[in-house]
Amino acid sequence: MKTKLQKYFPDLIRSREAVEHEIAQRTGLTLIYNSWTKERQQEFLDFCTGVKGINVMYDFVSKEVLNPESIPERIDELLSLLLKQEVHVMEVLPNDGTRLADESSLVIMDIVVQLSDGSIANLEIQKIGYKFPGERSACYSADLLLRQYKRVRSERKKKFSYKDIKDVYTIVLFENSPAEFKKFPDVYIHSFGQKSDSGLEFNLLQKYVFVALDNFKNIQHNKENKYLINSRLDAWIAFCCIDDPEMIIAIIEQYPEFRAYYEQIYDICRNIEGVMEMFSKELQELDRNTVQLMIDEM
């Protein structure tokens with residue numbers, strides 16, 4: 001019997017029997033599969049066969065679907081909606097700044113791009129929200145700002161002016177947001193900018209957007225019609241964090257261009273060996289995340 005998603009993607013989503021048969025035919029895949037708990041085995045099968053929808057929060061999924069080098073128009077749209085202004089990615093920048101090695105293991109995706117107006121945006125997705133999200137984000141923002149200053153000053157030399165320094169945007173999506181966000185259960189997007197208490201206006205360059213995906217899921221679930229998407233931005237956020245097949249169908253029907261995004265993911269899933277290896281790495285990272293979070297809390 002076909003799942004609901006198999007009916008939408010008949011040429012891409014395989015049956016449970018076909019997936020299990022391929023695993024059983026190959027010793028290496030069988031060893032990997034048997035190393036997982038029953039719960040993880042079921043999660044993997046549901047993932048590949050459309051019983052549940054795709055979880056974009058997997059590292060290997062998000063990096064394929066939101067690749068700013070191969071498909072910059074998707075990042076363009078997502079950033080434009082989050083920043084409430086039209087932006088375009090011009091260049092992907094290295095992000096080897098001040099992030100600690102242990103912290104990077106907790107991050108699903110972390111990309112830095114230069115936009116067409118010269119400003120810089122850092123888009124980060126965290127599976128488990130760190131403690132002290134404000135302080136951490138401010139440090140990474142400051143690092144990006146300083147790197148921009150050094151680069152622009154080197155390029156402009158004597159012609160350099162501080163007006164040459166453009167905004168730095170730090171955008172963080174939390175799958176499981178830190179405790180501070182739980183105090184605002186009815187809000188899932190928080191935007192920050194530096195303002196004076198007197199009305200004096202300066203452009204202090206550093207802007208922040210935080211998205212609590214778990215708050216969004218709760219708000220969406222409690223709506224009278226939980227499958228009604230109110231805006232294109234909400235469609236993007238739902239795409240990132242909700243794996244309910246009914247929601248995926250609702251997104252596709254309201255915004256048909258998202259079908260191509262899901263098709264790309266299910267095409268990746270046809271490579272069972274590759275997906276199993278990446279899935280195993282995800283589970284290892286999840287264990288590391290849990291340990292690191294405990295250390296962080298202590």
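Per the listing Ala142, Ala138, the residue uniquely over 25 Å from Ile237 (Cβ atoms), open to solvent by 30 Å² or more (accessible area, probe 1.4 Å), at pLDDT 90 or above and touching a Ser or Thr at 6+ places or on another chain (Cβ under 9 Å) is Ala142.
Checked against the criterion of being open to solvent by 60 Å² or more (accessible area, probe 1.4 Å), farther than 30 Å from Tyr33 by Cβ and either assigned to a loop (DSSP other than H, G, I, E, B) or at pLDDT below 85 (or both), region 257-264 has at least one qualifying residue.
Considering only residues of region 44-90 that are small (Gly, Ala, Ser) and part of a helix (DSSP H, G or I), which is farthest from the chain's Cα centre (by Cα)? Full working, then the answer.
In the first step, residues of region 44-90 are kept if they are small (Gly, Ala, Ser); the result is 50, 53, 62, 70, 80.
This time we only want the ones that are part of a helix (DSSP H, G or I), so: 62, 80.
Details: Ser62: 6, Ser80: 15 Å.
Only one residue fits best here, namely Ser80.
Give me the residue from region 26-43 that is among the hydrophobic types (A, V, I, L, M, F, W, C) and in a helix (DSSP H, G or I) and, out of that set, nearest to Ile128 (Cα to Cα).
First pass over region 26-43, keeping only residues among the hydrophobic types (A, V, I, L, M, F, W, C): 29, 31-32, 36.
Narrowing the set further to residues that are in a helix (DSSP H, G or I) leaves 29, 31-32.
Working: Leu29: 29, Leu31: 29, Ile32: 25 Å.
The residue in question is Ile32.
Evaluate region 22-29: report whether one residue or more is of a type in the set (Lys, Arg), in contact with a Ser or Thr (Cβ under 6 Å, 6 or more places away or on another chain) and farther than 28 Å from Gln126 by Cβ. First the steps, then the outcome.
Filtering region 22-29 down to residues of a type in the set (Lys, Arg) leaves 26.
So of that shortlist, the ones also in contact with a Ser or Thr (Cβ under 6 Å, 6 or more places away or on another chain) come out as none.
Looking for residues that are of a type in the set (Lys, Arg), in contact with a Ser or Thr (Cβ under 6 Å, 6 or more places away or on another chain) and farther than 28 Å from Gln126 by Cβ, one finds none in region 22-29, hence no.
Just one of the listed residues (Lys217, Lys195, Lys166) is at pLDDT 95 or above and outside any helix (DSSP H, G or I), namely Lys166. Residues in region 17-46 that are of a type in the set (A, V, I, L, M, F, W, C), surrounded by 12 or more Cβ atoms within 10 Å (Cβ to Cβ) and more than 14 Å from Cys269 (Cα to Cα): Leu29, Ile32, Trp36.
The values are calculated or read from the model by the stated rules, or taken from the named source; none is laboratory data. Computed from a prediction, not measured in an experiment: that's the story for all the values here. Heads up, the Cβs are rebuilt from the backbone with ideal geometry, glycines too, and the neighbour counts pull from every protein chain shown. Just the protein is used for accessible areas: all its heavy atoms, side chains included, with ligands, DNA and RNA removed. Shrake-Rupley method; radii C 1.70, N 1.55, O 1.52, S 1.80 Å.
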